[in-house]
Amino acid sequence: MFAAVAATLVSCGGGGGRPTFGDNEYPVVTVGTSSADMQSTYPATIKGVQDVEIRPKVQGFITQINVKEGQTVGAGQTLFVLDNQTYQAAVRQAQAAVNTAQQQVNTAQLTYENAKQLHANKVIGDYELQTSQNSWESAKAQLAQAQASLASAREQLSFCYVKSPASGVVGTLPFKKGALVSASNSLTTVSNISSMEVYFSVTETDAMALSTAGLESLPPVKLQLADGSIYAHEGKVIKMSGVIDQATGAVQLIATFVNPEKQLKSGGTGTIIIPRQATSAIIIPQACVSEVQNKKFVYTLGKDNKVKYTEIKVDPQNDGKNYIVTDGLKTGDKYVTNGITKLNDGMEIVPITPERYQQKIEEQAKEMSAGDIVGAMKK
């Protein structure tokens with residue numbers, strides 16, 4: 001019970017009130033510097049290193065769906081088959097045209113070879129020989145044209161077999177067998193998720209600092225998933241956009257993470273965590289800081305033992321318990337750590353050490369009556 005009451009008194013003496021000592025005593029500490037392990041966090045979007053949208057090149061009815069959602073496929077694997085009877089007929093027709101053109105070439109060639117014999121025996125003149133040769137050349141050109149039409153028909157037929165251009169995992173399948181689809185329809189997405197790219201944005205100021213130091217200066221980064229857990233593998237920032245978003249003033253960065261367990265999914269969200277160490281930093285508890293209209297203040301102590309309501313600036317990234325002060329305090333300054341809501345600017349106090357402050361709390365707790373204890377526990 002005593003420990004609980006003492007804890008209650010301490011909490012009352014934090015950012016809020018303070019125990020009533022009757023001697024105007026407040027705990028004061030002197031500003032020093034130390035090292036701190038901090039971290040910066042940024043909302044992030046997760047994508048596969050290759051997200052390929054699958055669309056048919058021709059219009060047709062789906063006759064086969066050869067994959068399931070979430071299935072791993074290889075490059076070149078057939079995913080869908082479209083109705084191809086018309087295209088098969090076109091291939092047969094084009095093949096017949098090639099056969100006909102080939103026979104015409106064969107006939108024209110025999111005619112030309114015979115004409116050369118007759119010309120050599122002076123049976124026909126130059127005109128007849130040239131005419132025979134021209135007919136042969138024309139037949140070969142028609143054969144080439146027919147072969148090109150056959151190749152085009154076969155290509156059109158191949159478009160009915162929708163294949164994966166890359167290895168990866170199949171996404172959603174919005175269309176069922178029998179649906180009429182065309183190039184305007186996305187049949188699915190194949191994502192290469194062997195490793196993932198995580199996109200996040202930093203301020204223009206941070207981007208300029210990174211450009212100066214180089215991305216290689218960044219330590220390995222962590223990824224906090226949507227459920228709050230930390231992804232098991234660390235990542236590395238590898239790319240930074242050369243364009244500043246005019247709407248937000250932010251610059252996009254990309255970090256890569258290996259994904260051997262396939263835990264990360266393309267399209268997911270998370271938070272990038274960049275660890276950093278602050279050296280020779282002024283670190284103060286958040287409990288001794290008051291905030292008014294997005295400005296932060298502490299009570300500093302002058303040589304006359306009068307407190308001054310002093311504005312400070314802090315690093316926007318913090319651990320939820322402490323602030324790194326970037327302006328407003330310097331080494332050797334003194335500030336009040338507890339009971340700040342009872343103070344006024346210019347008020348004279350009796351400074352004591354935090355240890356003495358804790359001791360007086362414990363002494364006061366011992367002297368409290370049962371009613372006082374109940375009242376303290378209710379606060």
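The values are calculated or read from the model by the stated rules, or taken from the named source; none is laboratory data. Bear in mind the structure is a predicted one, so any value in this text is a computation, not a measurement. Here Cβ is always computed from backbone atoms with ideal geometry, including for glycine, and neighbour counts include all displayed protein chains. We work out accessible area using only protein heavy atoms, side chains counted, and drop any ligands, DNA or RNA first. Shrake-Rupley method; radii C 1.70, N 1.55, O 1.52, S 1.80 Å.
Using Cα atoms only, what is the angle between the long axis of helix 204-213 and the major principal axis of the chain, expressed in degrees (0 to 90) to the nearest 10? Helix 204-213 sits roughly 80 degrees off the main axis of the chain. A crude spin-label estimate for the pair T310 and S167, with each label 7 Å from Cα along the Cβ direction, gives 6.2 nm.
For the chain, set up a Gaussian network in which alpha carbons nearer than 10 Å are linked by springs, and say which option among Q109, Q142, Q293 fluctuates the most. So, out of Q109, Q142, Q293, the one fluctuating most is Q293. Spatially, region 242-264 and region 137-175 are offset by 37 Å when compared through their Cα centroids. For region 226-267, trypsin sites (Lys or Arg not before Pro) are listed when DSSP marks them as loop and at most 14 other Cβ atoms sit within 10 Å of their Cβ; the list is K262. Applying both filters, DSSP loop and at most 14 other Cβ atoms within 10 Å, to the GluC sites (Glu not before Pro) of region 21-121 gives E69.
Solvent-accessible surface of the chain, taken per residue with a 1.4 Å probe and all protein chains present: 56 Å². Relative to the longest principal axis of the Cα atoms of the chain, helix 85-120 runs at roughly 40 degrees. For K303, list the lysines whose Cα falls under 17 Å from its own Cα; do not include residues on the same chain fewer than 8 positions away. Partners within reach: K330, K334. Compared with the direct C-alpha span, the chain from S158 to Q64 gains 32.4 nm at full extension, assuming 0.36 nm per residue. Computed 3J(HN,Hα) for region 292-299, one whole-Hz value per residue from the Karplus formula 6.51 cos²θ - 1.76 cosθ + 1.60 where θ = phi - 60°, is 9, 6, 6, 10, 10, 9, 10, 9, glycine and proline marked x. In terms of overall dimensions, region 175-270 has a Cα radius of gyration and Dmax of 17.5, 57 angstrom. Lysine pairs in region 115-269 whose alpha-carbon atoms fall under 23 angstrom of each other, counting only those eight or more residues apart or on distinct chains, come to 13. Take the Cα of A141, step 7 Å toward its Cβ, do the same at N294, and the gap between the two points is 7.6 nm. The modelled label-to-label distance for the pair T41/T248, using points 7 Å beyond Cα in the direction of Cβ, is 1.7 nm.
The trypsin sites (Lys or Arg not before Pro) of region 134-213 that meet both conditions, a loop assignment by DSSP and at most 15 other Cβ atoms within 10 Å of the site Cβ, are K176, K177.
Take the Cα of S280, go 7 Å toward its beta carbon, and the backbone nitrogen atoms of region 23-55 under 15 Å from that spot belong to 32-36. Taking a straight Cα-Cα cut-off under 17 Å and skipping sequence neighbours fewer than 8 places away in the same chain, the aspartates and glutamates within cross-link reach of K342 are D23, E25, E291. Under a 5 Å amide H cut-off, with hydrogens placed 1.01 Å from N, V31 pairs with G332, D333, K334, Y335 among residues at least 5 apart or on other chains. What the phi angles of region 282-287 give under the Karplus curve with 6.51, -1.76 and 1.60, with θ = phi - 60°, is a coupling list of 8, 10, 10, x, 5, 5 Hz, glycine and proline written as x. Here the Karplus curve 6.51 cos²θ - 1.76 cosθ + 1.60, taken at θ = phi - 60°, turns the phi angles of region 305-315 into couplings of 6, 9, 8, 10, 6, 10, 7, 10, 10, 10, 5 Hz, with x standing for Gly and Pro. Scanning residues 5 or more positions from F175 or on other chains, none has an amide H under 5 Å from its amide H, with H placed 1.01 Å from N in the peptide plane.
Relative to the current alpha-carbon distance between N106 and E367, full extension at 0.36 nm per residue lengthens the span by 81.9 nm.
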